[in-house]
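A short worksheet on the structure shown next.
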Amino acid sequence: MKTKSFKPKIESVYQIQGFVKKKISTFNSNENKLLKIDLLIEEIVLNIVKYGCKGIENSIIDITIETSDGNVILEISDNGVAFNPLDQEEPDIEAGLDKRRPGGLGIFLVKQIAKEIQYVRQDNKNIIRLCLDL
């Protein structure tokens, strides 16, 4: 298990993606799966940066990675505003663009990519735990 902390900045998205790629590079994961993991990280971390930790002093994003049985367990935690992505209403992806409510597609994509998602609010932190197939 490896944990690293990052400042909630847009630039951190790329740093976190690099950190995760380096950790899982020993697996024979195909490029398509790596791109999906990059997308998942981008969606979650950008939401944290733009909404969760905005204006909160000393905010931090912690990334923990562990591997088990061909899976990556990725834990993303932040000390921002409480937000459970699993409680969000699913977007109507069948509706035309002019009929859709804004937002929600990022969380929808994360749910499509991850094998399993868990959320808990603990010690004033949002903790999202994702199981990803390699």
Might you let me know whether region 93-101 holds any residue that is modelled with pLDDT of 90 or more and of a type in the set (Lys, Arg)?
-> no
Just name the residue that is nearest to ARG129 (Cα to Cα) out of those in region 81-92 that are surrounded by fewer than 13 Cβ atoms within 10 Å (Cβ to Cβ) and free of Cβ contacts under 8 Å to residues at least 40 places away in the same chain.
-> LEU86
Could you count how many residues in region 53-80 are outside any strand (DSSP E or B) and either surrounded by fewer than 21 Cβ atoms within 10 Å (Cβ to Cβ) or of a type in the set (Ser, Thr, Tyr) (or both)?
-> 10
Checked region 11-46 for anything without any contact (Cβ under 8 Å) to a residue 24 or more places away in the chain and of a type in the set (D, E, K, R); matches are GLU11, LYS21, LYS22, GLU31, ASP38
Among (1) at pLDDT 90 or above; (2) surrounded by 14 or more Cβ atoms within 10 Å (Cβ to Cβ); (3) not polar (S, T, N, Q), where does LYS50 come up short?
-> (2)
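So which of LEU39, LEU34 ends up being more than 12 Å from the chain's Cα centre (by Cα) and assigned to a helix (DSSP H, G or I)? Break it down stepwise before answering.
On the way: LEU39 fails: more than 12 Å from the chain's Cα centre (by Cα).
Criteria check complete, one pass: LEU34.
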Check whether at least one residue in region 1-10 is touching a residue at least 24 places away in the same chain (Cβ under 8 Å), of a type in the set (D, E, K, R), farther than 22 Å from GLY80 by Cβ and surrounded by 14 or more Cβ atoms within 10 Å (Cβ to Cβ), and report yes or no.
-> no
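The values are calculated or read from the model by the stated rules, or taken from the named source; none is laboratory data. These figures come from a predicted structure and were not determined experimentally. Glycine also receives a Cβ, built like all others from the backbone with ideal geometry; neighbour counts cover every protein chain displayed.
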